[in-house]
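Colleague: First, the structure itself, so that you have it in front of you.
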Amino acid sequence: MAANSTSASYEAFHQALKSAKHIATLCGAGLSAESGIPTFRGEGGWWRTFEATELATPTAFKKNPSRVWEFYHYRRELVLKKQPNKAHKALVDFEDKILSQTPQNQTFTVITQNVDGLSSNLKNFIAMHGSLFRTRCTKCGYIEENRNSPICEGLKGTENSNFDINLPIEKLPSCTKCNGLIRPDVVWFNETLDPDILNKIHEELNRCDLFLIIGTSGLVYPAASYANYVKSRGGKLAIFNIEDTGKADFKFIGPCGETLPRALDVCEET
Ligand code: OAD
């Protein structure tokens with residue numbers, strides 16, 4: 001779908017960007033869609049015969065750790081082959097622009113629900129749902145960065161299977177400290193978010209006067225409540241999505257790889 005916002009709406013948004021003091025974003029899976037990473041809802045949300053959201057739960061992991069690891073191994077292998085797209089780059093370029101102001105009279109914070117790490121070039125970002133490339137031990141709690149491909153020998157090649165492999169626990173990824181079973185360090189459904197991260201997000205929302213909602217269906221809490229919160233404090237909202245997902249002061253309907261660079265006025269010279 002092509003972007004369909006008018007030049008006037010981009011100009012109005014440029015004015016809003018200039019006058020805002022504290023700009024923040026809430027990003028979702030749509031930000032990475034143009035990098036070739038499936039979103040959670042809609043047709044991209046299926047893996048084998050499961051909905052992605054059925055597997056991202058502590059109950060699913062307890063019941064069948066092999067299946068959940070096969071799913072996360074598949075996602076890690078997929079993401080490791082992907083690159084940041086034009087929308088990710090626009091956020092980085094916009095941050096550079098804000099940071100190069102003298103004096104720096106605006107702030108820019110990217111809050112993302114994504115766990116793919118494709119925004120890790122940013123200096124100021126909050127990954128509220130954790131990272132695909134961090135693991136946490138279910139026994140001793142040890143957390144570490146892990147970009148190994150494959151993450152363990154047992155999972156090698158399972159990303160191409162259409163069936164459960166049913167690996168025993170000993171063949172699943174294990175802790176480098178205590179050899180216990182590790183899990184992806186991502187926030188699953190029915191789990192609470194890290195309180196320090198929530199505090200940081202609330203600090204941002206409490207000062208934010210322009211909130212960009214990029215590629216998210218806005219269905220998962222607490223993130224789903226942020227737009228209304230900013231609005232209730234008098235902040236302005238801008239939606240970047242291929243679908244119309246709600247009320248906002250600015251709407252840029254279309255692939256965010258097209259709309260975001262133009263809206264943030266950081267289009268690459270051609
Ligand atoms: P969803 O899959 O729910 O929504 C993706 C959104 O991106 C939809 O609104 C699409 O219309 C939009 N979209 C798709 N392609 C786009 C493009 N090229 N440009 C702009 N928008 C596009 O993903 P999230 O909202 O991120 O949580 O889902 C939120 C959370 O639910 C995820 O972080 C994850 C998931 O289950 C956990 O894993 C805890």
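Readers should treat all values here as calculations from the given coordinates under stated rules, not as data from a laboratory. All values derive from a computational prediction rather than experimental measurement. For neighbour counting, all protein chains shown are included, and Cβ atoms are generated from backbone atoms with ideal geometry for every residue, glycine included.
Colleague: How large is the Rg to Rh ratio of the stretch 175-270 when both quantities use alpha carbon positions and Rh follows Kirkwood? Don't skip to the end; give the middle numbers.
Modeller: On the way: Rg = 17.3 Å, Rh = 15.8 Å.
Reported Rg/Rh, Kirkwood definition of Rh: 1.10.
Colleague: In whole angstrom, how long is each semi-axis of the equivalent ellipsoid of the stretch 1-62, when you take the square root of 5 times every eigenvalue of its Cα gyration tensor and sort them from largest down?
Modeller: Details: eigenvalues 256, 56, 11 Å².
They are 36, 17, 7 Å, listed largest first.
Colleague: Follow-up question, since we're still on this one. If you average 1/r over every pair of different alpha-carbon atoms in the stretch 31-157 and take one over that average, what Kirkwood value in Å do you get?
Modeller: On the way: mean 1/r = 0.0608 Å⁻¹.
Hydrodynamic radius (Kirkwood, Cα pairs) of the stretch 31-157 is 16.5 Å.
Colleague: Mind checking the dipole of the stretch 76-199: about its Cα centre, +1 per Lys or Arg Cβ, -1 per Asp or Glu Cβ, Debye to the nearest 20?
Modeller: Details: 15 positive and 15 negative charges, 45 e Å.
Magnitude of the dipole: close to 220 debye.
Colleague: If packing is taken as the average number of other Cβ atoms within 10 Å across a peptide's residues, how do 74-87, 138-151, 51-64 rank, most packed first?
Modeller: Top to bottom by mean Cβ count within 10 Å: 74-87, 51-64, 138-151.
Colleague: Which whole-percent values make up P(r) of the chain when all C-alpha to C-alpha distances are grouped in 5 Å steps starting at zero?
Modeller: 1, 5, 12, 17, 18, 15, 12, 9, 6, 4, 1, 0
Colleague: Where does the chain land at 222 nm, in deg cm²/dmol rounded to the nearest 500, when only DSSP H runs of n ≥ 4 count, each adding -39500 (n - 2.57), divided by all residues? Before the final figure, lay out each step's value.
Modeller: Working: 9 runs with 85 residues, N = 270.
My calculation for the chain gives -9000 deg cm²/dmol from helical runs alone.
Colleague: Which value in nm describes the separation of the simple spin-label points at Lys18 and Asn160, placed 7 Å from the Cα toward the beta carbon?
Modeller: 5.6
Colleague: Another one. Just add up the charged neighbours of Pro222: K/R +1, D/E -1, any other residue whose Cβ is under 14 Å from the Cβ of Pro222.
Modeller: -2
Colleague: Within 13 Å, Cβ to Cβ, of Ile213, how many net charges do the neighbouring residues add up to if Lys/Arg are +1 and Asp/Glu are -1?
Modeller: Here the charged neighbours net out to +1.
Colleague: Work out the charge dipole of the chain with +1 on the Cβ of Lys and Arg and -1 on the Cβ of Asp and Glu about the Cα centre, then indicate which of Pro38, Thr53, Thr135 is farthest towards its positive end.
Modeller: Result: Thr135.
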